[in-house]
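Asks: Structure below; questions to follow.
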Amino acid sequence: MTTPDHQPPAAGRSAPESRDRIYRSPAGIASGVLLLALALWLGIDALVSGHGRLPWLALAGMILVVPLLTAFTLRPAVYANEERLRIRNPFRVIVLPWGSVALLRSGYSNEVVTTSGAKYQLWALPVSLRARKRAARQQSRAAQADGAGGRGPLASLALPPMPDGPVRAPTDQIMDDLRTLAEAHEKSDQPQGEPTVRWAYEVLGPAAAGAALLAILLAMG
């Protein structure tokens, strides 16, 4: 779920005190690769073997669909270090110094709330109710195992061994890690800067061009 960031710091800026922790969704990446492969296979087949306007429609469709599929599956990521939280969502990149983070909360989605009241969803950390239920069942089994400990050696054989500590769903555990970072660094004496939000024009531009081309081709009949 996490990998170290080995990219060097930008010229003219001081290096962060620690490397980025990178959080992404393995399920999102896997589904993105499959969907992109399917879209490219269908699109290239239409380009090669299609007739009339079909190759042009296929080209416009790929220009529209490929950036959107990439944006919602492969692109989302959360980067965290001792200085700031950087959120790469489908269409925006949000950089939040820890001093500007008021709350990291989990409900039906994982969100960060800033001190100014702005809310940003963490697309890279989708909430899985199934994973939460599975973690709750494991926690219940652990409690049963503890209760069975004093009823003889055979009682504990009915239940597999459980890890120490509370059992958490993967994304809930990541949110706990982010909260720990926020609490540790929100009152740092170092200058932290202001929150920034940047639109992902590298995604929006190609998608808009594909949508415009597709609309023109359909309007031409």
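The values are calculated or read from the model by the stated rules, or taken from the named source; none is laboratory data. Small disclaimer: the values here were computed from a predicted structure and weren't measured. Using ideal geometry, Cβ is built from the backbone for each residue, glycine included, and neighbour counts are taken over all protein chains shown. In case anyone asks, the SASA skips ligands and DNA or RNA and just uses the protein heavy atoms, side chains included. Shrake-Rupley method; radii C 1.70, N 1.55, O 1.52, S 1.80 Å.
Asks: If Thr70, Thr196 are ordered by their accessible area, calculated over protein heavy atoms with a 1.4 Å probe, which sequence runs from highest to lowest?
Replies: My answer, sorted largest first, is Thr196, Thr70.
Asks: Accessible surface of Leu213 in the full protein assembly, 1.4 angstrom probe, to the nearest 10 Å²?
Replies: For Leu213, the solvent-accessible surface is approximately 50 Å².
Asks: Here's something else I'd like to know. Quick one: what Rg and Dmax do you get for the stretch 14-134 from the alpha carbons, in Å?
Replies: 18.8, 59
Asks: Ordering Asp176, Asp20, Asp45 from largest to smallest accessible area (1.4 angstrom probe), what's the sequence? Let's see the in-between values first.
Replies: Numbers: Asp176 45, Asp20 15, Asp45 85 Å².
Largest accessible area first, the list is Asp45, Asp176, Asp20.
Asks: Shifting gears a bit: How much accessible area does Glu194 have with a 1.4 Å probe, in Å² rounded to the nearest 10?
Replies: So the heavy atoms of Glu194 present about 140 Å² to solvent.
Asks: For the stretch 23-95, what % of the accessible area comes from carbon and sulfur atoms, probe 1.4 Å?
Replies: Numbers: 2650 of 3550 Å².
C and S fraction of accessible area: 75 percent.
Asks: May I pose another question? Between Phe91 and His51, what FRET efficiency comes out of the Förster formula 1/(1 + (r/R0)^6) with R0 = 30 Å and r the beta carbon distance, rounded to 0.05?
Replies: After rounding, the FRET efficiency stands at 0.25.
Asks: Once you put a point 7 Å from the Cα of Ala215 and another 7 Å from the Cα of Trp41, both along the Cβ direction, what distance in nm separates them?
Replies: Between Ala215 and Trp41, the label points sit 3.2 nm apart.
Asks: Using heavy-atom solvent-accessible surface (probe 1.4 Å) with all chains present, what is the largest-first order of Trp56, Trp41? Before the final figure, lay out the partial values.
Replies: Numbers: Trp56 145, Trp41 170 Å².
Sorted by accessible area, descending: Trp41, Trp56.
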